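Notes follow once the structure below has been shown.
Bear in mind these aren't lab numbers, they're just calculated from the coordinates by the rules spelled out. Computed from a prediction, not measured in an experiment: that's the story for all the values here. Here the Cβ positions follow ideal geometry from the backbone for every residue, glycine too, while neighbour counts run over all protein chains shown.
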């Protein structure tokens, strides 16, 4: 199907003047969706694992939270014939984002205000990201900071085949905004580079590329979208991989106001632990305490190396 979806949100498409209200609209949508039962948050416990000065938060669902365990199982079951975004649930739809995208709440969030930036028309999650996709992401990151990310295909942790970028206001449980170059982050200690110049962290044993971003660009979504598109292509090229193919090879993309990180992938899981983009922001998810001990014993860096391409 390729027709546009009817937008169930009453709000007009966001502009540079109205986009600052996105989190207010998200909060209102969350309250209403909790009342209607459309929003089903997953409550988790968490612990920290530190390796070589890098910090990883590991979340898991309590064995007593049977409803939440069932919700995790629902997320994990991929049904290629079911598309929750064509159209998305009206109670979960936050806003229109230009002509090509909708902002929708994640139905099973672990983090509040976990937003999905969904294409109105059908596009595959393995299709190349377009300028419109980068511009839509830039509108949210530019206005609200946080972490934007994309799970490029099933092997990269995507649970739905309809193209959708994602955004969270924070990753760490203390509410700290995600900064890839913060102490304990994967970009910590990288040399200062000119905006647009890819660089790798020699401490990370898998293929990847960081690209510093020009923070002055975020006030103009079109310019910021162009910046992200160019940085994305530069990251692929520095790893001697094509930046645009149909379908794309699996990868994870992470974007903050300061850095873009690209990580090619070869498999979705390490043992029984699913790995998506949030792992590279220091957030892993385990199904039970036994998996946490497996992660601790192996070490998060070995886990991420096992699902990525050799460096």
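Worth a mention:
- Ratio Rg/Rh, restricted to the chain and using Cα atoms, in which Rh is the Kirkwood radius: 0.93
- Global form of the range 87-146, assessed from the alpha-carbon gyration tensor, a/c cut-off 1.5: oblate
- Protection proxy ranking of 224-237, 81-94, 188-201 - average other beta-carbon atoms within 10 Å, highest first: 224-237, 81-94, 188-201
- Listed residues 166, 291, 139, most fluctuating in the chain (Gaussian network, C-alpha, under 10 Å): 291
- Each principal axis of the Cα cloud of the range 163-294 was taken in turn, and the coordinate range along them, longest first, works out to 46, 36, 31 Å.
- Efficiency of FRET between residue 188 and residue 215 - r from beta-carbon atoms, R0 25 angstrom, step 0.05: 0.90
- Estimated FRET transfer efficiency (residue 272, residue 36; beta-carbon r; R0 25 Å; 0.05): 0.15
- Here the extension length gained between residue 24 and residue 74 equals 15.2 nm, from 0.36 nm per residue of separation less the Cα-Cα distance.
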